[in-house]
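All remarks here apply to the structure that follows.
The values are calculated or read from the model by the stated rules, or taken from the named source; none is laboratory data. This structure is a prediction, so every number in the text was calculated from the model and none was measured. Cβ atoms come from the backbone with ideal geometry, glycine included; neighbour counts cover every protein chain shown.
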């Protein structure tokens, strides 16, 4: 599905986050960045038949941004970006030693029940970024959606006090609750111009001189 790595000189927490992402995106791989350039990473992803490259950038020791890149030697390009409030790792939720899914399996993106239109728009964008499939939640259960699409893994867009969040379910691990990682998103931006900013959505005024991102 995708090759996952970090910016140069990642912190231990950021590396742990990368490994967590490897466990919830089917048939994906976390790769230590080292001195590799973006071009090196794109060629590595292409050689391994991945359609996406995900780079996690670090700021003050924590993951700050997730950059998604389309892998295609004739038409590669940036797809979009998630700017993060914070994350909660799988081990912080209570799950350790979850094995990655080393097989082709649909990655389904949906929403929690009774969310707003902004959450639905983000679910659609997140499916595009990851190469997953967006499925409207309606009144269906997560188990029902998973059975319909023959998968064990779902990304669910939820409400969050400071924006919105992505949580992940591995139904082969537990059908009772999300395993994480929990990703709190404050801004998402697509290369085609679609974007969402929690401060703009909530009508919070930015300080003079504060950048849009």
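Out of 53, 21, which single residue is crowded, with 19+ Cβ neighbours inside 10 Å, in a strand (DSSP E or B) and within 18 Å of the chain's Cα centre (by Cα)?
Working: 21 fails: in a strand (DSSP E or B).
Being crowded, with 19+ Cβ neighbours inside 10 Å, in a strand (DSSP E or B) and within 18 Å of the chain's Cα centre (by Cα) holds for just one of 53, 21, which is 53.
Residue by residue through the range 103-112, note down the ones that are part of a loop (DSSP other than H, G, I, E, B) and modelled with pLDDT of 95 or more.
Filtering the range 103-112 down to residues part of a loop (DSSP other than H, G, I, E, B) leaves 103-107, 112.
Once the filter is applied, which keeps residues that are part of a loop (DSSP other than H, G, I, E, B) and modelled with pLDDT of 95 or more, the range 103-112 yields 105, 106, 107, 112.
Let me spell it out: the conditions are (1) modelled with pLDDT of 95 or more; (2) out of contact with any helix residue (DSSP H, G or I) (no Cβ under 8 Å at 6 or more places or on another chain); (3) buried (at least 19 other Cβ atoms within 10 Å of the Cβ), and residue 172 meets all of them except one. Which number is the exception?
Result: residue 172 passes all but (3).
Looking only at the range 149-160, count how many residues are surrounded by fewer than 17 Cβ atoms within 10 Å (Cβ to Cβ) and either out of contact with any strand residue (DSSP E or B) (no Cβ under 9 Å at 6 or more places or on another chain) or closer than 13 Å to residue 105 by Cβ (or both).
2
(1) exposed (fewer than 14 other Cβ atoms within 10 Å of the Cβ); (2) free of Cβ contacts under 8 Å to residues at least 40 places away in the same chain; (3) under 28 Å from residue 195 (Cα atoms): which one isn't true of residue 77, the others all being true?
Every listed condition holds for residue 77 apart from (2).
Only residues that are more than 13 Å from residue 21 (Cα to Cα) and in a loop (DSSP other than H, G, I, E, B): list them for the range 73-94, please.
73, 74, 75, 76, 94
Looking at 128, 158, which one is under 22 Å from residue 29 (Cα atoms) and either out of contact with any helix residue (DSSP H, G or I) (no Cβ under 7 Å at 6 or more places or on another chain) or assigned to a loop (DSSP other than H, G, I, E, B) (or both)?
128
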